[in-house]
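Read the structure below first, then the notes.
The values are calculated or read from the model by the stated rules, or taken from the named source; none is laboratory data. A quick note: this is a predicted structure, and the numbers were derived from the prediction, not measured. Don't worry about glycine lacking a Cβ; one is built from the backbone with ideal geometry, like all the others, and counts go over all protein chains shown. Note: areas computed on protein heavy atoms with side chains; ligands, DNA, RNA excluded. Shrake-Rupley method; radii C 1.70, N 1.55, O 1.52, S 1.80 Å.
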Amino acid sequence: MTDNAVYLDHNATTPVDPAVLDAMLPFLRGEFGNPSSAYPLGRRAHDAVEAARAAVAALIGAAPDEILFTGGGTESSNHAIRGAAAMAPPERRRIVTTTVEHPATEKPCRRLTAAGFSVERLPVDGTGRVALDAAERLIDAGTALVTAIHAQNELGTLQPITELATLARRHGALCHADAAQSLGKVPVDVAALGVDLLTIAGHKLYAPKGVGALYVRRGVRLDPLVDGAGQEGGRRPGTENVPYIVGLGTACRLAAGRLAEEAVRLDALRGDLQWRLADAVPGLRVLGHPTDRLPNTLSLLFPGVHGNDVLAAAPEVMASTGSACHAGDPQPSAVLLAMGIPPAEALGAVRLSLGRLTGPAEVERAAAALAAAWRSCRGG
């Protein structure tokens, strides 16, 4: 990595916004109280947590009491999936998910098969979008939960969550959406989506790693993952991580104020990056849905090379070949294989994800570096 490297891996993680850090610092210093304590130091901590809860709720159109703070997106998705399954009646023993899920959804679903659940995975089309005709066949009165990623983290493709939630509701099932990748990039409104449960991850949203939230619609009961005292309504016991919760709340307030403007800016930059690379790399293939997609994400197949080799030859660009959870894995992405892409072609994948650090100069430098790296890998 060079000193002036261009960071194009915002889907892996985002830097902590300076305003988020400023909001956190008092609670790492003098305001160190336990939110459960009755004296003023504790009450101020409690009030800060509740202000953050309100900010998270406002960003997704929820009520504050529907927000449960967690240790991150993986915990949130595990709590939603495993907690909902534990509360399901004995006649509902089916989980419906997709073939393009993050491991934080796929692995809890797989775990449930040992508890007697069947897991059905919806196929996707060539853009990575769920086939709704299959959903209509698979979601029925035996379904306990439908769980799907809102924005596919490798592709940026947005899934038809509203339609999946409608099908789930029609048959009395719950619906969970993993919005870790979409929140702050596109509008996310739980009422419009129709979901019962929604995952939030702080570090995708310019808050620190190690904090997240789970939206739980009023009336939905979840089995807690751990036992302890009564924090978070008894649903997630343990003393609250006040500084990080404050940071998440601040990040949500910032995202709410910048959402529309930032989406337009990132979409234009992504379009410029795509044009520059397509002009320089004959046969370059752009993946994902052409319109129902995140504005910041550009998923590409470089022809005739491995994506890892392209990135190794362009150390001035920080990016990935897919999900950061699989970085360094020489195997083709399971998401791309699920889309019907041949394994040899899928190995050419590179994911470029833009963010607040990205401007026109960074796009120009990154495009030139990646094009030169591709030519080098091809021996040109």
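Being farther than 27 Å from residue 131 by Cβ, open to solvent by 20 Å² or more (accessible area, probe 1.4 Å) and touching a Cys at 6+ places or on another chain (Cβ under 8 Å) holds for only one residue in 54, 58, and it is 58.
Applying the condition of being within 21 Å of the chain's Cα centre (by Cα) and surrounded by fewer than 22 Cβ atoms within 10 Å (Cβ to Cβ) to segment 112-125 and asking which residue is nearest to residue 173 (Cα to Cα) yields 121. All of (1) open to solvent by less than 20 Å² (accessible area, probe 1.4 Å); (2) assigned to a helix (DSSP H, G or I); (3) within 25 Å of residue 181 (Cβ to Cβ) hold for residue 78 with one exception: (1).
Please enumerate the residues belonging to segment 354-371 that are in a helix (DSSP H, G or I), in contact with a strand residue (DSSP E or B) (Cβ under 8 Å, 6 or more places away or on another chain) and of a type in the set (Gly, Ala, Ser). If the condition is that a residue be in a helix (DSSP H, G or I), in contact with a strand residue (DSSP E or B) (Cβ under 8 Å, 6 or more places away or on another chain) and of a type in the set (Gly, Ala, Ser), then 366, 369 are the ones that fit.
For residues in segment 241-257 being of a type outside the set (A, V, I, L, M, F, W, C) and either open to solvent by less than 20 Å² (accessible area, probe 1.4 Å) or modelled with pLDDT under 95 (or both), which is nearest to residue 67 (Cα to Cα)? Ranking the qualifying residues of segment 241-257, first place goes to 249.
Can you find a residue that is in contact (Cβ under 8 Å) with a residue 12 or more places away in the chain, assigned to a strand (DSSP E or B) and more than 29 Å from residue 339 (Cα to Cα) anywhere in segment 92-100? Looking for residues that are in contact (Cβ under 8 Å) with a residue 12 or more places away in the chain, assigned to a strand (DSSP E or B) and more than 29 Å from residue 339 (Cα to Cα), one finds none in segment 92-100, hence no. Under the condition of being of a type in the set (D, E, K, R), in contact with an Asp or Glu (Cβ under 9 Å, 6 or more places away or on another chain) and under 17 Å from residue 363 (Cα atoms), the residues counted in segment 273-302 number 1. Quick check on residue 131: is it surrounded by fewer than 24 Cβ atoms within 10 Å (Cβ to Cβ) and farther than 19 Å from residue 353 by Cα? Spelling it out, residue 131 is indeed surrounded by fewer than 24 Cβ atoms within 10 Å (Cβ to Cβ) and farther than 19 Å from residue 353 by Cα.
Pairing each residue of segment 228-253 that is charged (D, E, K, R) with any residue that is in a helix (DSSP H, G or I) and open to solvent by less than 30 Å² (accessible area, probe 1.4 Å), provided the two are 6+ apart or on different chains, yields C-beta distances under 7 Å for 240/49; 240/231; 253/55. Take the residues in segment 2-12 that are open to solvent by less than 30 Å² (accessible area, probe 1.4 Å) and part of a loop (DSSP other than H, G, I, E, B), then tell me which one is farthest from residue 296 (Cα to Cα). For segment 2-12, the residue satisfying everything is 5. Annotation note: Cβ proximity below 6 Å between a residue of segment 341-364 that is buried (at least 24 other Cβ atoms within 10 Å of the Cβ) and a residue that is aromatic (Phe, Trp, Tyr) (sequence gap 6+ or interchain) occurs for 348/302.
Residue pairs whose Cβ atoms lie under 6 Å apart, sitting 6 or more positions apart in sequence or on different chains, and linking a residue in segment 11-36 that is closer than 26 Å to residue 358 by Cβ to a partner that is surrounded by fewer than 18 Cβ atoms within 10 Å (Cβ to Cβ) and at pLDDT below 95, are 12/324. For segment 211-249, a tally of residues being more than 18 Å from residue 28 (Cα to Cα) and aromatic (Phe, Trp, Tyr) returns 1. When only residues in segment 13-26 that are touching a helix residue (DSSP H, G or I) at 6+ places or on another chain (Cβ under 9 Å) and outside any loop (DSSP other than H, G, I, E, B) count, which is most open to solvent (accessible area, probe 1.4 Å)? Ranking the candidates gives 22 first. Among residues of segment 295-314 that are assigned to a loop (DSSP other than H, G, I, E, B), those with a beta-carbon under 7 Å from a residue that is of a type in the set (Gly, Ala, Ser) and surrounded by fewer than 21 Cβ atoms within 10 Å (Cβ to Cβ) at least six positions away or on a different chain give the pairs 295/263; 303/283; 313/376; 314/369.
In segment 142-178, of all residues being in a loop (DSSP other than H, G, I, E, B) and touching a Gly at 6+ places or on another chain (Cβ under 7 Å), the one that is most open to solvent (accessible area, probe 1.4 Å) corresponds to 154. Taken over segment 179-227, the criterion of being on the phi > 0 side of the Ramachandran plot and open to solvent by 50 Å² or more (accessible area, probe 1.4 Å) is satisfied by 219 alone. For the structure I just gave you, tell me whether residue 29 is farther than 30 Å from residue 171 by Cβ and either surrounded by 14 or more Cβ atoms within 10 Å (Cβ to Cβ) or modelled with pLDDT of 95 or more (or both). In short, yes. Is it the case that residue 286 is farther than 18 Å from residue 182 by Cβ and touching a Leu at 6+ places or on another chain (Cβ under 8 Å)? Considered against the rule, which asks whether it is farther than 18 Å from residue 182 by Cβ and touching a Leu at 6+ places or on another chain (Cβ under 8 Å), residue 286 comes out as yes.
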